[in-house]
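Each remark here refers to the structure printed beneath this line.
The values are calculated or read from the model by the stated rules, or taken from the named source; none is laboratory data. Quantities reported herein were computed from a predicted structural model and do not represent experimental measurements. Backbone-built Cβ (ideal geometry, glycine too); neighbour counts: all protein chains shown. These area figures cover heavy atoms from the full protein model, side chains too; ligands, DNA and RNA do not enter into them. Shrake-Rupley method; radii C 1.70, N 1.55, O 1.52, S 1.80 Å.
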Amino acid sequence: MAGVAGGNDFQWCFSQVKGAIDEDVAEADIISTVEFNYSGELLATGDKGGRVVIFQHEQESKNRPHLRGEYNVYSTFQSHEPEFDYLKSLEIEEKINKIRWLPQQNAAHFLLSTNDKTIKLWKISERDKRAEGYNLKDEDGRLRDPFRITSLRVPVLMPMDLMVEASPRRIFANAHTYHINSISVNSDHETYLSADDLRINLWHLEITDRSFNIVDIKPANMEELTEVITAAECHPHQCNVFVYSSSKGTIRLCDMRAAALCDRHSKFFEEPEDPSSRSFFSEIISSISDVKFSHSGRYMMTRDYLSVKVWDLNMENRPVETYQVHEYLRSKLCSLYENDCIFDKFECCWNGSDSAIMTGSYNNFFRMFDRNTRRDITLEASRESSKPRATLKPRKVSTGGKRKKDEISVDSLDFNKKILHTAWHPKDNVIAVAATNNLYIFQDKIN
């Protein structure tokens, strides 16, 4: 698999953009999660309005072989509705926090979607035939008088226009007191975990009325609370291993074989803080917003406010790689604190071969890092470069002094335009980048 940029043989180019161009963006249309399925054939997005939109990869056309297949809308459905908790007098938002696909077992596809409180298992299936020739009802569905039926006929299946149906198969509710921030399907394909601020639960996909509480960090006295869980994920190959990250910048790896309640971790990953760089914001910017295992299961990646770190699971005392995402913002932390941007939760993702990683930034910029060459690149998701097959030009931010022609000043960055959610196709160099209410799809351009 090609690297991120820099070589003569590899560039990223625009493929598609989904979503309205309007300047006034409705809150409900803001994309809140993006996820490819295991084959990369389907791409799902969830938004703040509780909707899930699934795009399907169309096959390449023989007439235009240079154009690789596009992603077109396959199914759209309302996953969650706004609710009200009368006991706590709290509104429960319909916003989709996470979507996770299950590996495909048959013709249908299954995915888990969650808002703050309730996880749902959805089945997405196709129907292109309908039954005709019923004995007890007419073609329009009305029941026939049984005394008028003089002969029996065998119903037949007739072809019809393709219909894609989304139906909720399981609803996993009432297990989280706090807001759910993560769901992760286990490698046994039978169980999954869900995490909120203080607890992690393990579910069986067939059982909705109970779950096992495997981590509980809630102190007896809530005034003693010093950290919360920010993300959690199952190991891609070992179904007994999972990790969770905290707001203190630490990651704990737990083994479910050791104990039923995994309050005592097996491994504890933490980088010692440099005392010389300590500031008022140190604790806030060290909070981990995302953790992802590599496909190989050997490494994991964590994202904090200013950097991405890659950890070897065999080495707990420091990361093996650290990549600065937007170091030029270190001098702006005060204003980012005042406008609440310092609490933004950026996600990160691996490419299919674990050789490159991607994460978002502000001004609709997103960053890629090649782990082999240590090259990095900043690209922009914008409609200005949204001509078909248009090559994405690398962007640079000037941190002070004289600004070069193609550079953008750090003071003119738009902090309302942020890329929090990205996804990388599991096999190909195709990436999906969510920019507010628009979904950009980019692919490699091989010259």
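Going by average Cβ density within 10 Å per residue, which order do the peptides 132-138, 342-348 take, highest to lowest?
Values: 132-138: 10.9, 342-348: 18.6.
The densest-packed peptide leads the list: 342-348, 132-138.
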Exercise. Which of the peptides 314-327, 248-261 is most tightly packed, and how do the rest follow, judged by the mean count of other Cβ atoms within 10 Å per residue?
Worked result: 248-261, 314-327
Exercise. Taking 1 over the mean of 1/r across every pair of different Cα atoms in the range 10-442, what Kirkwood radius in Å do you get?
Worked result: 23.7 Å
Exercise. From the residues Phe415, Thr322, Leu193, which one has its Cα farthest along the dipole of the chain in the positive direction, the dipole being from +1 and -1 charges on Cβ of Lys/Arg and Asp/Glu about the Cα centre?
Worked result: Thr322
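Go through the range 275-340 and name the trypsin sites (Lys or Arg not before Pro) that are in a DSSP coil and have 16 or fewer other Cβ atoms within 10 Å of their Cβ.
Arg278, Arg298
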For this session: Order the peptides 224-233, 87-96, 106-115 from the highest to the lowest mean number of other Cβ atoms within 10 Å of their residues.
Result: 106-115, 224-233, 87-96
For this session: Set Lys and Arg Cβ to +1 and Asp and Glu Cβ to -1, take the dipole of the chain about its Cα centre, and tell me which of Ala28, Thr359, Thr250 lies farthest positive.
Result: Thr359
Seminar exercise, completed: Out of Cys239, Asn429, Phe268 - ranked by how far each Cα lies towards the positive end of the dipole of the chain, with unit charges on the beta-carbon of charged residues - the top one is Asn429
Problem set entry | Surface accessible to a 1.4 Å probe, Trp12 within the full protein complex, Å² | 10 Å²
Problem set entry | For the chain: accessible area per residue (Å², 1.4 Å) | 52 Å²
For this session: Kindly point out, ordered by number, any Cys in the chain whose beta-carbon has no other cysteine beta-carbon under 4.7 Å away.
Result: Cys13, Cys234, Cys239, Cys334, Cys341, Cys348, Cys349
Exercise. How large is the helix-only mean residue ellipticity at 222 nm for the chain, computed as the sum of -39500 (n - 2.57) over DSSP H runs with n ≥ 4, divided by its residue count, in deg cm²/dmol to the nearest 500?
Worked result: -500 deg cm²/dmol
For this session: Check cross-link reach from Lys137 to the lysines: straight Cα distance under 19 Å, and skip same-chain residues fewer than eight apart.
Result: Lys129
Problem set entry | Per-q log10 I(q)/I(0), the range 79-183, q = 0.12, 0.18, 0.21 Å⁻¹ (Debye; single scatterer per alpha-carbon; no solvent) | -0.64, -0.89, -1.06
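What does the convex hull of the alpha-carbon atoms of the range 161-302 project to on average, in nm²? Could the numbers behind the result be given before it?
Working: hull surface 47.8 nm².
In nm², the orientation-averaged hull projection of the range 161-302 is 12.0.
Under unit Cβ charges (Lys, Arg +1; Asp, Glu -1), what dipole magnitude, rounded to 20 debye, does the chain have relative to its Cα centre?
Working: 58 positive and 67 negative charges, 246 e Å.
About 1180 debye.
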Exercise. At a 1.4 Å probe, what is the % contribution of carbon and sulfur to the accessible area of the chain?
Worked result: 48 percent
